[in-house]
Amino acid sequence: MLEKPTLPHVSESKTCRNCRLQKPLTEFTVHKDTKDRLSNHCRLCQKKRRRQSYARNRTRLAEKLLTGTKRCRQCGEIKSAQEFHRNYANLEGLHNLCKTCRRASDRRRFEKNERSLADNPPTGKKVCAKCEEETELTNFYVDRTKKDGRKTYCKQCSNTQKKKWLQNNPGNLGRQRERLALRRKQQQQHSIADLILAYAGSTTK
């Protein structure tokens, strides 16, 4: 009779290959190609590397018109560069997912997080990805695309970043206000539609 293979002992912590610090497993993202299914670099080091790559590529590609084609990692279709959002963290300056797949992926993540947050409201503290200070979750703006329902930057860092962006892009303020007004109008229309459906359901009972 064949013996069952013994699984390797899984430690509750892991050493980051970059900063050489031993951290809990929750500080590492999932990586399917490693033995322990976790990345070899902690979340903080990954963020620093992405920021450095973003800064280099932004300087190199800021004034360059993106042309050519790229294959979407999700749908597998080859599309023009205009069908991808910009992402200076990547070498070619484009996201790995096309605009259509990215919107669908964000929608699925939003719905999943909505259900999870409704069942288990998050509490406690969080570390800001910008100033790296730990503070209460109430000091972060709401973002339903995140697992904890909060943005990665604290309110102070988010406001500072927004003011800096508006100063560097004064012409985009009007377009941003138009998008915000359109979004509020769509939310109001959805709310009215939900009320009509609820009223119709109550009258049929």
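Quick note: the coordinates plus some simple rules give every number you see, no bench work behind them. Since the model is a prediction, treat every value here as computed from it, not as a measurement.
Name the residues whose placed amide hydrogens come within less than 5 Å of the amide hydrogen of LEU94, ignoring near sequence neighbours (fewer than 5 apart) on the same chain. Here ASN87 satisfy the definition. Percent of Cα pairs in region 123-170 per distance bin of 10 Å, from zero to the largest separation: 29, 49, 19, 3.
Under the rule a/c < 1.5 gives rounded, and otherwise a/b versus b/c splits prolate from oblate, where does region 39-183 land using the Cα gyration tensor? All intermediate terms of the calculation are to be shown ahead of the outcome.
Details: a/c = 1.45, a/b = 1.31, b/c = 1.10.
Because its axes are fairly even, with a/c under 1.5, region 39-183 counts as rounded.
Under a 5 Å amide H cut-off, with hydrogens placed 1.01 Å from N, ASN18 pairs with CYS42 among residues at least 5 apart or on other chains.
A convex hull fitted to the Cα coordinates of region 70-121 yields 84 cubic angstrom per residue.
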